[in-house]
Amino acid sequence: MAEAIIQMRDVNKWYGKFHVLRNINLEVAPKERIVVCGPSGSGKSTLIRCLNRLEEHQQGSIIVDGTELTNDVKHVEAIRREVGMVFQHFNLFPHLTVLENLTLGPIWVLKKPKVEAEKEAMSYLERVRIPEQANKFPGQLSGGQQQRVAIARSLCMNPKVMLFDEPTSALDPEMVKEVLDVMVELAVDTGMTMICVTHEMGFARKVADRVIFMDQGEIIEENTPDAFFDNPQNERTKLFLSQILH
Amino acid sequence: MQNTIHSTPNMGLDAKIIIGLRDRFFSSIGNSILTVLSVWLLLMAIPALFDWGFTRASFYANNAQECRAAGGACWAFIGEKYRFILFGTYPFEQQWRPLVAMLLFVAMLILSTWRRLWNISLLALWTVGLATAAILMWGGIFGLTYVENSNWGGLPVTLLLATFAIALSFPIGVVLALGRRSKMPAIKSICVVYIELIRGVPLISLLFMASLMLPLFLPEGLTIDKLLRALIAMVLFAAAYVAETVRGGLQAIPKGQFEGAESLGLSYWQQMRLIILPQALKIVIPPLVGIFISMFKDTSLVVIIGIFDLTLAAKSALADANWQGFGVEAYVFISLIYFTFCFSMSRYSQALERRLSVGQKR
């Protein structure tokens, strides 16, 4: 069994008095695809945001690709180079063109020369099927296109792990499919390690190696997709599934 | 009375004009009253102004009495005094030097607005340009007689103070704004104290303090040039206001932008320089340019510490015993000069805003 690329041990986090993550223990193997689901407020977004230090955990340890996540800025920056993130609201940079959005990280963080960075960026834009938008600004694109640019932007950093924080939740229904297709292709073609917080259960069934259910800060149940959806063990899991699969 | 006639495409042009005028100026009782009032005010003011400024004005006169005889504006006063107002006590025969230096300055400012020059060549341009201007103003080499800067005056002094005050206060203000938002308590406190102290006092008192108190703090024998002291005071003053304005812009940036930048692994300064500050500064261009325009006009306050800027030069020109009582002409003259510069800054900022909004609907 390969060394886990992500190890979370007894991770606890509080927002003031509110205990948002309770004793999280999670190991993610390389190339594994994990879908995290759960009701609103269960801490799933907080969980993955702790993995690239957008949130800080107060107790326990998180080790990403052999580096422990602490307050040490060098550690944090090293980890962020290996972990890419796709946000619910895209977070593209509106004052830069699509191509500039993609090449920013490679040029300034990975220190690649501009020509090489642009070539790679164009190839990723083709992978997400919007190469013709390279010189447009994000504000001129549709939501689905913007999210695909965001995915390409993270991919340009050649990360080892991709985190997705509800990537399709802010999209119109007809655009959800185009983004999910890109994510499926990513999983199938590249073998990227993916941790995805989503409500798209069809996606989970198709792509996930493991589905994790969270409620009130705890991991309640985790299983393979078929076992999870067809044979949920915990009462809370059954309740959640009955609410979303209608 | 209900007007039911509206403009339609089939009407002739004259009908459309009349209806357009009616809709704009006479669409209601209140509107009609305002229109009549405005026209009356304009009829009172403009012919009188035109009469004073052009019809009865004397453009050429040998002395004050001749000039006043016509009863209108005495532009001959300006003709007589303009060199003094513009160049102050700079030696008369050498005044071509500040003229060339000023033209050079203005040329550099105009060239700096050209976006294609926004790289290292801009630095080169200003280094060479400032060196040339310095040689022209001070002299002492290349056969030019030496003119110490206490003899400089008028518009070159105003331009110099304003340009350097604006250029230096801007980066300092940005750093202060970032410092005030810092999580490190020491840095944050220093920035807060500085900003609140400076904002609590008028520029005049800062100029006084710089002029009188600064020499007391310096070691024996070391003096700072008076012009430099005034410049320091103005830079410190403007930086506080720039800081607060930029801080407002920073607050307007959604948290997602910071997170997007962080998730790419950019360092703090890379995030600020590449992502956050470009967006924040663009948002606050209107109030920022307002601060700069105010600073340009605030240079007139150096009158208080005896520096010969454009305003003091105008004031001194009025002290001439042979040409008494032409205050209006003098101040109209310098107002036009101030207006030219300030209005240009305002127009440039609007053009800049338009150019930076390409592709982003706002």
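The values are calculated or read from the model by the stated rules, or taken from the named source; none is laboratory data. Note that the coordinates shown come from a computational prediction; the quantities given were computed from them, not determined experimentally. When we count neighbours, we look across all protein chains shown, and the Cβ atoms used for this are built from the backbone with ideal geometry, even at glycine.
Keeping to the stretch B:196-235, report how many residues are of a type in the set (S, T, N, Q) and assigned to a loop (DSSP other than H, G, I, E, B).
Here the count works out to 1.
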Inter-residue pairs, beta-carbon under 6 Å, first in contact (Cβ under 8 Å) with a residue 60 or more places away in the chain and in the stretch A:172-201, second surrounded by 14 or more Cβ atoms within 10 Å (Cβ to Cβ) and among the polar types (S, T, N, Q), 6+ apart: A:Val197/A:Ser45
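I need the helices (runs of 4 or more DSSP H) fully contained in the stretch A:76-170, keeping only those with at least 1 residues that are without any contact (Cβ under 8 Å) to a residue 40 or more places away in the chain and facing another protein chain (nearest Cβ under 10 Å).
Numbers: elements: A:98-108, A:114-127, A:143-155.
Helices (runs of 4 or more DSSP H) meeting the threshold: A:98-108.
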Enumerated helices (runs of 4 or more DSSP H) restricted to the stretch B:262-348, each holding at least 2 residues that are within 14 Å of another protein chain (Cβ to nearest Cβ) and modelled with pLDDT of 90 or more: B:277-283
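Tell me whether the stretch A:41-57 contains one or more residues that are surrounded by 15 or more Cβ atoms within 10 Å (Cβ to Cβ), of a type outside the set (Asp, Glu) and in contact with a Gly (Cβ under 6 Å, 6 or more places away or on another chain).
Here is the first cut: in the stretch A:41-57, the residues surrounded by 15 or more Cβ atoms within 10 Å (Cβ to Cβ) are A:42-55, A:57.
Adding the requirement that they be of a type outside the set (Asp, Glu) leaves A:42-54, A:57.
Still in the running and in contact with a Gly (Cβ under 6 Å, 6 or more places away or on another chain): A:43-44.
Yes - at least one qualifying residue is present in the stretch A:41-57.
Yes/no per residue for (1) surrounded by 11 or more Cβ atoms within 10 Å (Cβ to Cβ); (2) of a type in the set (Val, Ile, Thr):
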residue: B:His6; (1), (2): no, no
residue: B:Pro9; (1), (2): no, no
residue: B:Leu21; (1), (2): yes, no
residue: B:Arg24; (1), (2): no, no
residue: B:Ser27; (1), (2): yes, no
residue: B:Thr35; (1), (2): yes, yes
residue: B:Val39; (1), (2): yes, yes
residue: B:Met44; (1), (2): no, no
So B:Leu277, is it more than 30 Å from A:Arg80 (Cβ to Cβ) and in the same structural domain as B:Gly173 (by TED's automatic domain parsing): no
Output for the stretch B:76-109, where each listed residue is within 18 Å of the chain's Cα centre (by Cα), crowded, with 20+ Cβ neighbours inside 10 Å and without any contact (Cβ under 8 Å) to a residue 40 or more places away in the chain: none
Yes/no for A:Arg53 being assigned to a helix (DSSP H, G or I), touching a Lys or Arg at 6+ places or on another chain (Cβ under 8 Å) and at the interface with chain B (Cβ under 10 Å from one of its Cβ atoms): no
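Let's see how each residue does on (1) in the same structural domain as B:Gly200 (by TED's automatic domain parsing); (2) touching a Leu at 6+ places or on another chain (Cβ under 9 Å); (3) surrounded by fewer than 21 Cβ atoms within 10 Å (Cβ to Cβ); (4) under 30 Å from A:Ile79 (Cβ atoms):
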position	(1), (2), (3), (4)
B:Arg229	yes, yes, no, no
B:Val246	yes, yes, no, no
B:Lys255	yes, no, yes, yes
B:Ser263	yes, yes, no, yes
B:Leu266	yes, yes, no, yes
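Condition test on A:Val64, is it more than 17 Å from the chain's Cα centre (by Cα) and within 14 Å of another protein chain (Cβ to nearest Cβ)?
Numbers: more than 17 Å from the chain's Cα centre (by Cα): no; within 14 Å of another protein chain (Cβ to nearest Cβ): yes.
Answer is no for this residue.
Looking at this structure, is A:Val83 in contact with a Pro (Cβ under 9 Å, 6 or more places away or on another chain) and closer than 29 Å to A:Phe228 by Cα?
yes
Would you check if B:Leu336 is aliphatic (A, V, I, L, M) and either in contact with a helix residue (DSSP H, G or I) (Cβ under 7 Å, 6 or more places away or on another chain) or crowded, with 18+ Cβ neighbours inside 10 Å (or both)?
no
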Exclusive hit being loosely packed, with under 14 Cβ neighbours inside 10 Å and not in a loop (DSSP other than H, G, I, E, B), set A:Leu186, A:Leu239: A:Leu239
Leading residue by the ranking (nearest to A:Met85 (Cα to Cα)) among those in the stretch A:109-161 that are buried (at least 21 other Cβ atoms within 10 Å of the Cβ) and of a type in the set (Lys, Arg): A:Arg153
Residue match in the stretch A:58-81 (condition: more than 27 Å from A:Asp215 (Cβ to Cβ), in contact with a Gly (Cβ under 6 Å, 6 or more places away or on another chain) and either hydrophobic (A, V, I, L, M, F, W, C) or surrounded by fewer than 21 Cβ atoms within 10 Å (Cβ to Cβ) (or both)): yes
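Among B:Ala73, B:Ala61, which is the only one that is surrounded by 11 or more Cβ atoms within 10 Å (Cβ to Cβ) and assigned by TED's automatic domain parsing to the domain that holds B:Ala321? Walk me through it before giving the result.
Working: B:Ala61 fails: assigned by TED's automatic domain parsing to the domain that holds B:Ala321.
B:Ala73 is the lone residue from the list that is surrounded by 11 or more Cβ atoms within 10 Å (Cβ to Cβ) and assigned by TED's automatic domain parsing to the domain that holds B:Ala321.
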Any chance B:Leu159 is in contact with a helix residue (DSSP H, G or I) (Cβ under 8 Å, 6 or more places away or on another chain), under 30 Å from B:Arg97 (Cα atoms) and surrounded by 17 or more Cβ atoms within 10 Å (Cβ to Cβ): yes
